[in-house]
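Have a look at the structure below before the remarks.
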Amino acid sequence: MQSAFSLSFSQSSLTPPNRPLCSSNAAPRNLRFCGLRREAFGFSPSKQLTSCRFQIKSRRIEVSAAASGNGAPSNKSFDYDLVIIGAGVGGHGAALHAVEKGLKTAIIEGDVVGGTCVNRGCVPSKALLAVSGRMRELQNEHHMKSFGLQVSAAGYDRQGVADHASNLATKIRNNLTNSMKALGVDILTGFGSVLGPQKVKYGKDNVITAKDIIIATGSVPFVPKGIEVDGKTVITSDHALKLESVPDWIAIVGSGYIGLEFSDVYTALGSEVTFIEALDQLMPGFDPEISKLAQRVLINPRKIDYHTGVFASKITPAKDGRPVMIELIDAKTKEHKDTLEVDTALIATGRAPFTNGLGLENINVATQRGFIPVDERMRVIDGNGKLVPHLYCIGDANGKLMLAHAASAQGISVVEQVTGRDHVLNHLSIPAACFTHPEISMVGLTEPQAREKAEKEGFKVSIAKTSFKANTKALAENEGEGLAKMIYRPDNGEILGVHIFGLHAADLIHEASNAIALGTRIQDIKLAVHAHPTLSEVVDELFKAAKVESPASTTPQSVKAAV
Amino acid sequence: MAVSSSILLPTPSLSNSKSTISFASSVSPSLRGVVVLRSPSSRRRATTVRSKIREIFMPALSSTMTEGKIVSWIKTEGEKLAKGESVVVVESDKADMDVETFYDGYLAAIVVGEGETAPVGAAIGLLAESEAEIEEAKNKAASSSSSAVVVPSPPPATSSPAPAIAQPSPPAAASDGPRKNIATPYAKKLAKQHRVDIESVAGTGPFGRITASDVEAAAGIAPSVTPPPSPPAAAAPTPTAKAKATTTTSSPPLLPDASIVPFTAMQSAVSKNMIESLSVPTFRVGYPVSTDALDALYEKVKAKGVTMTALLAKAAGMALAQHPVVNASCRDGKSFSYNSNINVAVAVSINGGLITPVLQDADKLDLYMLSQKWKELVGKARSKQLQPHEYNSGTFTLSNLGMFGVDRFDAILPPGQGTIMAVGASKPTVVADKDGFFSVKNKMLVNVTADHRIVYGADLAAFLQTFAKIVENPDSLTL
């Protein structure tokens, strides 16, 4: 609903209402942006009331300004107020917000609109995961029987599944393109690069000038050296999302989000999976307690085995009647440990920034391992450690937090700044989710991180936990497996981190991430009411289970809610 | 072991995601490797009281647990332990649990360190009764630690369960000398679950790899009922394997109007146990037993409430006492345990189901008490009030279909037991004695099925001979 709200704000005054902008298909995608859009404003609680009123007022004014057109730049000496290189989710988010703020905006795309997320990432993978979730459920006789349902052997058509993923990507890409066209963002086709200060080249030799430039070129799958990707038997997520085959046995190199989600897809479709993880533990980066539980549910009972503490030093694609060969070496001693023979290897070792050929040398910017260095306001830092004026970099290309919605939030933050309102994005309020079955989501610090911080800064840390087993809705769905965990300060009620593993965890995290972004304290939010019976009560229980020493703030809850 | 795996189904509580269970440790004399000595022997206990070093075993925390991982040792070596204190945190397939000690003493040595894994029942640490014994225990740990973390060793030759069926040789993947066995993740998982030594399985999958169906074949079980969906029209690189999978798993279509009746809990349990039995190599030995004397005895004691079941159970119990190997069981394919009690389970058909109430200490209890006990058990079975230990503690099973006129049959070995005896009807039979005189005697055929990993032909024959002697001279039964 938020999406419809904020988008129609600018749109209703601009475009005919029959544009497919707010079609139901676009809703999930946009919902996410706009949830973040809220967070990105990050008001401090004390000023909340006044600043918000002000905000609404100013927004109205600017909407009408935008309505007067994306036609002329406010400063006549430039072609555009803002040029964004890269039309991924980050660039799109920035462009939409820029138009709303009255900037004449262009977006340059050398490939396809939507970038990684829409075409080769979050979006098609959600289509595959939707299939895998259903397969998993239908195959689970015990689960079905407990509902009193009888299902005869569930099967699938690989091409049909693959088509669902590509259709979804196309649909979302069109929605994205249309939403920008509708607002009058100029979509310039061609590879973009920076020629000099405030000057950008795109395509063969089109040069435009802009008051401010945002680099949002994103990333590509990272393939460690020694690994030969042939796109058939040794693949990256780009290939895997096309689902051209379902191998009997697939090795997944890397057990982060990407690897985990694909293991969910492949095992549901009948593959056996071998994880190869360089660190000593699977699922590094998750809260240890969550990753332990997740391993019990997502790894151990499935047809998955794993090798930890090893690098895949050499992977050769299948050829001449041989399977894919994977050489494993010890991550520490570099000694040869094992050789695996599998049908397919999926390289999910993370992503590398896509910053080559951007003309960064023209402005004396040196990348660090490919990432463009930026300060906390996404301003690009040059080789001498100085800020490059009017140049920003958002999203995967700066490597701060390689998530689509983080890029979008960073883009919005930049637009806020160039339109005269200083803004620093609180990255700790950005949620992350892994769409396995069940899902994993998190925001803020993990328990070890929080304890380290607490030690350094001298405050106490408490943990609250609730189980999905105690939730009526989860039990009704026969999905009682799950845990929600909150790390907080008992002295002032600040939420430091929330981690959820369970049914629809990815949707549940936002109550916590919004609370962190808005600075809402536990003693206040625990008084808020949740519909019964819903999964959201898991999070409600979490707030209620916390023991906070300070009393609820005096501001009446109803007034706060109205904000 | 005081920890009965069937009772403990750990459900970790949330506030503290660890539950606590206790382990019992058995006295293990300094002599290593002689399994028999682990069985309680009061005399030995008395004599070795000065040097009591107990082994702390990996407990079975759930019914499906085969091995556990040591999450952390709460106590350090040399630390004093009081009964009931948590000593170690063990991670099973289900949860993390604190394990506490039943005994006071000192944690003398840690045999399996943090992060390491040990099979259920393996020693993970040593408990010394006094400080003075810590050193001794440490030495013991040092000498045994190398063998403590058990690496699955190939089973003895007799148990090689892999049916040596001529398999179509897999597409030879570029013969480059000796290759190690490659097994798929699920194959490894199944092998562990069914205790199949993966090294002994012949791989028939693509590139000669060991697949789940190879392991299932080796374990002698039917392929799992939920096959991985095989994507239609996917360029199948392994036509043979795929074809095999589909032919074996697609059951014939149901006849119209056939009704599908889901298993009851009891039927599921029976089904599971029967499938499990297929992983045990069994053989059968039959023996005719004259029952004239037994029948005469039965007529005499019937009035006192003695049943034929009690008579047979008592006879079996007494014979078992003389042949402990027949009462032994083999759980892991690597060792066998002599059971300290002779518990005769008797198969009973109840309301279409099958249950095996257990006559505990059948060799020790007298006939009348056994009969009384049996009545009680049958009553409880009818009203579904049997406690788990009353139907799953058997060390030997007796199944009698003689009352239906069945003259001989063949029983399936229940999991965890070494032998089962199938008793046929006693029938008048013409027999010729050694002088060539014919006479008519009542004879019944008993047929014993045994686990050949631990019980050999001669063992069974000797046992049956003893059993026959007891039945043919049944006076000892009433003593």
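The values are calculated or read from the model by the stated rules, or taken from the named source; none is laboratory data. On a predicted model such as this, the values are computed, not experimentally measured, just so you know. With ideal geometry, Cβ positions are generated from the backbone for all residues, glycine too; neighbour counts draw on all protein chains shown.
Name, by its number, the condition in (1) over 27 Å from B:Ala321 (Cα atoms); (2) modelled with pLDDT of 90 or more; (3) not hydrophobic (A, V, I, L, M, F, W, C) that does not hold for B:Asp451.
With respect to (1) over 27 Å from B:Ala321 (Cα atoms); (2) modelled with pLDDT of 90 or more; (3) not hydrophobic (A, V, I, L, M, F, W, C), B:Asp451 is out only on (1).
Please go through segment B:172-216 and give me each residue that is within 23 Å of A:Pro247 (Cβ to Cβ), surrounded by fewer than 15 Cβ atoms within 10 Å (Cβ to Cβ) and modelled with pLDDT under 50, ordered by number.
Selection gives B:Ala172, B:Ala174, B:Asp176.
Applying the selection to segment A:305-350, what residues are within 14 Å of chain B (Cβ to nearest Cβ) and of a type in the set (Phe, Trp, Tyr)?
Passing the criteria: only A:Tyr306.
Does segment A:506-517 include one or more residues that are over 24 Å from the mean Cα position of the chain (by Cα) and surrounded by fewer than 24 Cβ atoms within 10 Å (Cβ to Cβ)? Full working, then the answer.
We begin by selecting, within segment A:506-517, every residue over 24 Å from the mean Cα position of the chain (by Cα); these are none.
Checking segment A:506-517: not a single residue is over 24 Å from the mean Cα position of the chain (by Cα) and surrounded by fewer than 24 Cβ atoms within 10 Å (Cβ to Cβ).
Please work out which residue is farthest from the other protein chains (Cβ to nearest Cβ), limiting yourself to segment A:471-494 and to residues that are over 17 Å from A:Glu439 (Cα atoms) and in contact with a Leu (Cβ under 8 Å, 6 or more places away or on another chain). Step through it out loud before you land on a result.
First pass over segment A:471-494, keeping only residues over 17 Å from A:Glu439 (Cα atoms): A:472, A:476, A:487-494.
When the remaining residues are screened for being in contact with a Leu (Cβ under 8 Å, 6 or more places away or on another chain), the result is A:487-489.
On the way: A:Ile487: 15, A:Tyr488: 16, A:Arg489: 19 Å.
Within segment A:471-494, the match that is farthest from the other protein chains (Cβ to nearest Cβ) is A:Arg489.
Tell me whether segment B:271-283 contains one or more residues that are exposed (fewer than 12 other Cβ atoms within 10 Å of the Cβ), away from chain A (no Cβ under 13 Å) and either more than 30 Å from B:Thr429 (Cβ to Cβ) or at pLDDT 70 or above (or both).
Let us first name the residues in segment B:271-283 that are exposed (fewer than 12 other Cβ atoms within 10 Å of the Cβ), namely B:271.
Now drop any that are not away from chain A (no Cβ under 13 Å), which leaves B:271.
If we keep only those that are either more than 30 Å from B:Thr429 (Cβ to Cβ) or at pLDDT 70 or above (or both) as well, we get B:271.
Within segment B:271-283, one or more residues are exposed (fewer than 12 other Cβ atoms within 10 Å of the Cβ), away from chain A (no Cβ under 13 Å) and either more than 30 Å from B:Thr429 (Cβ to Cβ) or at pLDDT 70 or above (or both).
If only one of A:Glu137, A:Glu100, A:Glu109, A:Glu141 is of a type in the set (D, E, K, R) and within 21 Å of the chain's Cα centre (by Cα), which one is it? It would help to see each step written out before you state the result.
Working: A:Glu137 fails: within 21 Å of the chain's Cα centre (by Cα); A:Glu100 fails: within 21 Å of the chain's Cα centre (by Cα); A:Glu141 fails: within 21 Å of the chain's Cα centre (by Cα).
So the residue among A:Glu137, A:Glu100, A:Glu109, A:Glu141 that is of a type in the set (D, E, K, R) and within 21 Å of the chain's Cα centre (by Cα) is A:Glu109.
Looking at A:Ser125, A:Ser132, which one is buried (at least 21 other Cβ atoms within 10 Å of the Cβ), small (Gly, Ala, Ser) and within 14 Å of another protein chain (Cβ to nearest Cβ)?
Working: A:Ser125 fails: within 14 Å of another protein chain (Cβ to nearest Cβ).
One residue alone meets the criteria, A:Ser132.
Pairs please, first residue from segment A:202-216 and free of Cβ contacts under 8 Å to residues at least 60 places away in the same chain, second anywhere and outside any strand (DSSP E or B) and surrounded by fewer than 18 Cβ atoms within 10 Å (Cβ to Cβ), Cβ atoms under 8 Å, 6+ apart in sequence or on different chains.
Between residues of segment A:202-216 that are free of Cβ contacts under 8 Å to residues at least 60 places away in the same chain and residues that are outside any strand (DSSP E or B) and surrounded by fewer than 18 Cβ atoms within 10 Å (Cβ to Cβ), the close pairs are A:Gly203/A:Gly190; A:Gly203/A:Phe191; A:Lys204/A:Gly190; A:Asn206/A:Gly190.
Which residue out of A:Ser413, A:Ser441 is at pLDDT 95 or above, hydroxyl-bearing (Ser, Thr, Tyr) and within 30 Å of A:Leu503 (Cα to Cα)?
Numbers: A:Ser413 fails: within 30 Å of A:Leu503 (Cα to Cα).
Result: A:Ser441 is the single residue among A:Ser413, A:Ser441 that is at pLDDT 95 or above, hydroxyl-bearing (Ser, Thr, Tyr) and within 30 Å of A:Leu503 (Cα to Cα).
Out of the strands (runs of 3 or more DSSP E) lying entirely within segment A:187-289, which hold 1 or more residues that are within 19 Å of A:Ile326 (Cα to Cα) and touching a His at 6+ places or on another chain (Cβ under 8 Å)? Spell out how you get there, then give the answer.
On the way: elements: A:192-196, A:199-202, A:206-215, A:219-221, A:234-236, A:249-253, A:272-277.
Counting at least 1 such residues, we get A:272-277.
Considering each of A:Ala404, A:Ala432 in turn, give the residue that is touching a Leu at 6+ places or on another chain (Cβ under 7 Å) and either on the phi < 0 side of the Ramachandran plot or aliphatic (A, V, I, L, M) (or both). Before you say what the answer is, go through the steps one by one.
Numbers: A:Ala404 fails: touching a Leu at 6+ places or on another chain (Cβ under 7 Å).
One residue alone meets the criteria, A:Ala432.
Restrict the check to segment A:124-135 and report whether at least one residue is in contact with a strand residue (DSSP E or B) (Cβ under 8 Å, 6 or more places away or on another chain), modelled with pLDDT of 90 or more, under 28 Å from A:Val185 (Cα atoms) and not assigned by the TED database to the domain that holds A:Ile299.
Taking segment A:124-135 first, the residues in contact with a strand residue (DSSP E or B) (Cβ under 8 Å, 6 or more places away or on another chain) are none.
Checking segment A:124-135: not a single residue is in contact with a strand residue (DSSP E or B) (Cβ under 8 Å, 6 or more places away or on another chain), modelled with pLDDT of 90 or more, under 28 Å from A:Val185 (Cα atoms) and not assigned by the TED database to the domain that holds A:Ile299.
What's the total number of residues in segment B:326-381 that are closer than 28 Å to B:Lys300 by Cβ and of a type in the set (Val, Ile, Thr)?
Qualifying residue count for the region: 6.
Give segment A:272-308 a look and list any residue that's under 25 Å from the mean Cα position of the chain (by Cα), farther than 27 Å from A:Val498 by Cβ and surrounded by 23 or more Cβ atoms within 10 Å (Cβ to Cβ), or say none.
A:Val273, A:Ile276
Take the conditions under 17 Å from B:Val346 (Cβ atoms), assigned to a loop (DSSP other than H, G, I, E, B) and within 19 Å of the chain's Cα centre (by Cα) and apply them to B:Leu398. Does it pass? Walk me through how you get there before you give the answer.
Numbers: under 17 Å from B:Val346 (Cβ atoms): yes; assigned to a loop (DSSP other than H, G, I, E, B): no; within 19 Å of the chain's Cα centre (by Cα): yes.
The answer is no for B:Leu398.
Scan segment A:428-456 residue by residue and report those that are closer than 24 Å to A:Asn514 by Cβ, part of a helix (DSSP H, G or I) and more than 14 Å from chain B (Cβ to nearest Cβ). Walk me through how you get there before you give the answer.
To start, the set of residues in segment A:428-456 that are closer than 24 Å to A:Asn514 by Cβ comprises A:428-436, A:438-447, A:449-450, A:453-454.
Add one more test, that the residue is part of a helix (DSSP H, G or I), and what stays is A:428-429, A:447, A:449-450, A:453-454.
Passing the criteria: A:Leu428, A:Ser429, A:Gln449, A:Ala450, A:Lys453, A:Ala454.
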